[in-house]
Amino acid sequence: MNKCICCGAPSGVLLCEKCHDAVDLRELCKKIIDYVPGEGKNLLWDEIAATLDNPLNFKNMIFALTDEMESPEKEILRIRCMSGNRGSVPKTTRKWLLEIADECIQNEKTAETEKGYIMGLKLDALYKDYDYFGAEAAAEEIFGSPFLDVYAAYTLGDFYIQTRRYEKAKIILRKGMEYYPERTEVGLAEKLKEASEREMGKENGGKPPYLPNPTENRDKIRDKYIQFMDSIGIAVAMPEKGKSKKPVHKIPRDEYPAPAETRESGFRSFVAFDLETTGLNPNFDSITEIGAVRVVDGVVSEEKEFVFQELVHPYDKRIPKEVETMTGITNDMVRNAREMWEVFPDFVDFIGDDILVGFNCMGYDSRFLVRAGRYSNRIITNPYFDVMRMAKEVTGQGRISLNEISEKLNIQNPRAHRALADAITTARVYLKLLENQAGKKEETLDDFLAGLDDF
């Protein structure tokens, strides 16, 4: 940091002495929370953010700016920083949130609006970490509160849906819609529809009842869920283990449309995806994991609502030892996973109408999805965009892997060959290549990299 974030004067600290004495730190922090790097609304901040490893980390300056503030103002601004005015905090900060949430809620200086918001964040953190009994206590706190935050209403409705108390979910979601009719972006109406579909049940054309489906410690977490559900008087049966029967109905090969490709780049909202499989032949091999991330206006978020990840049972196939070694996905890990024709419809619902972005997706992933779609009776009509072809054009190389191009662009992928990690890396590679394409069309990738001070 070599510039004051208020006036731009050379400074070894965030605020020069003049601005430190004159600025309203609370208002400055609010502006930082709402700031989106690269939008052009604050050119000084865009310039400073561009020098960071990740421009989105600009918001973390709030932790230094609030250091001299008193509680609970300091903690509330830091919570707002980490949640970004959304109804959740990143997984890595849930423990920190839970350590300070109660103190903020109980502090008489905390405004009712802030209390409602923090209660919602607390509930979200608890049930996403599968602490159902703790979440129940937090839910009762929100339900009985005289002030209902819009995000708390969404989170409480979601928690009641997950614990199969659909009428309570409808009550709180309708109340949220009544209090905040203009806040359509939060998704209260969509969550209300989900409550009805879950209540209707799969056999009547609705969604099946919720059951935790984590990628790790599945049986242990499901046992915790069933224990909690039993405590509130709702019987939940653990699904039978073993293979599902092969689907009787499937779309004939000649009736399923070929994957549609688009070569027009420039879009900044899409779903990046990746598959892990037992081998390379889509006619014989099976999908073992599917991962995807929804990117909105160039922002890659790993929050729960923006990602899709699930292991898949490879029907009539075993994962070869060399594939187990490469991906880290073992036969034990997928033994009790759902079949692809069970997972695929959820994936199709997740992607919606977005462009599907993959790396070598036209030669590989899309062909596996066609087979999965045939067995699932679901057709993907979304256009595919292949980042590998884009990377070849930029680098001039005849062949290039995702690992190679991500290393050239200094994009870290600590879990290569796992579907979600590769999907997120693919999204970041596309956005970085798009940046190059938009501003430096005549340069080679090496020129592009050399012209940047830092990624």
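From ARG164, ARG174, which residue is outside any helix (DSSP H, G or I), of a type in the set (D, E, K, R) and within 20 Å of ILE142 (Cβ to Cβ)?
Details: ARG174 fails: outside any helix (DSSP H, G or I).
Result: ARG164 is the single residue among ARG164, ARG174 that is outside any helix (DSSP H, G or I), of a type in the set (D, E, K, R) and within 20 Å of ILE142 (Cβ to Cβ).
Could you count how many residues in region 126-161 are charged (D, E, K, R), closer than 23 Å to TYR179 by Cα and under 19 Å from the mean Cα position of the chain (by Cα)? Result for region 126-161: 1. Residues that are over 22 Å from ARG86 (Cβ atoms) and surrounded by 12 or more Cβ atoms within 10 Å (Cβ to Cβ) within region 182-207 comprise SER196, GLU197, ARG198, GLU199, MET200, GLY201, GLY206, LYS207, listed in sequence order.
Each residue in region 330-375 was checked for being out of contact with any Leu (no Cβ under 7 Å at 6 or more places or on another chain) and not in a helix (DSSP H, G or I), and 13 of them qualify. Is it fair to say LEU211 is outside the structural domain of ALA111 (by TED's automatic domain parsing) and under 24 Å from the mean Cα position of the chain (by Cα)? Yes: the conditions hold for LEU211.
On the stretch given as region 40-53, residues that are under 18 Å from LYS432 (Cβ atoms) and surrounded by 11 or more Cβ atoms within 10 Å (Cβ to Cβ) total 5.
Looking across region 402-427, the residues that are assigned to a helix (DSSP H, G or I) and buried (at least 21 other Cβ atoms within 10 Å of the Cβ) come down to LEU402, ILE405, SER406, ALA419, LEU420, ASP422, ALA423, ILE424, THR425, THR426, ALA427.
Which one of ALA416, ALA423, ALA450 is of a type in the set (A, V, I, L, M, F, W, C) and at pLDDT 95 or above?
Values: ALA416 fails: at pLDDT 95 or above; ALA450 fails: at pLDDT 95 or above.
None of the others qualify; the one that does is ALA423.
Total residues in region 378-411 satisfying the condition of being more than 15 Å from PHE273 (Cα to Cα) and either modelled with pLDDT under 90 or of a type outside the set (S, T, N, Q) (or both): the figure is 20. Among residues of region 258-273 that are among the basic types (Lys, Arg), those with a Cβ under 7 angstrom from a residue that is exposed (fewer than 14 other Cβ atoms within 10 Å of the Cβ), sequence gap 6+ or separate chain, pair up as ARG268/ASP297. Between THR155, THR110, THR184, the distinction of being closer than 25 Å to ALA64 by Cβ and among the polar types (S, T, N, Q) belongs to THR110 only. Scanning region 214-227 for residues that are basic (Lys, Arg) and either more than 23 Å from the chain's Cα centre (by Cα) or assigned to a loop (DSSP other than H, G, I, E, B) (or both) yields a total of 2.
Among the residues of region 118-155, which ones are hydroxyl-bearing (Ser, Thr, Tyr), in contact (Cβ under 8 Å) with a residue 40 or more places away in the chain and under 15 Å from LEU97 (Cβ atoms)? TYR151, THR155 - these are the residues of region 118-155 that are hydroxyl-bearing (Ser, Thr, Tyr), in contact (Cβ under 8 Å) with a residue 40 or more places away in the chain and under 15 Å from LEU97 (Cβ atoms). For first residues located in region 14-37 and without any contact (Cβ under 8 Å) to a residue 40 or more places away in the chain and on the phi < 0 side of the Ramachandran plot, partners that are outside any helix (DSSP H, G or I) and basic (Lys, Arg) and lie 6+ apart or on another chain with Cβ distances below 9 Å form the pairs CYS16/LYS3; TYR35/LYS41.
Contact annotation: residue pairs with Cβ atoms under 6 Å, 6 or more positions apart or on different chains, pairing a residue in region 414-438 that is touching a residue at least 24 places away in the same chain (Cβ under 8 Å) and hydroxyl-bearing (Ser, Thr, Tyr) with a partner that is outside any helix (DSSP H, G or I) and buried (at least 21 other Cβ atoms within 10 Å of the Cβ), are THR426/ALA272; THR426/PHE359; TYR430/VAL357.
Residues that are in contact with a Pro (Cβ under 9 Å, 6 or more places away or on another chain) and either in the same structural domain as VAL312 (by TED's automatic domain parsing) or over 22 Å from GLU305 (Cα atoms) (or both) within region 221-241 comprise LYS224, VAL236, listed in sequence order.
The values are calculated or read from the model by the stated rules, or taken from the named source; none is laboratory data. All values derive from a computational prediction rather than experimental measurement. Every residue, glycine as well, gets a Cβ built from its backbone with ideal geometry; the counts of neighbours run over all protein chains shown.
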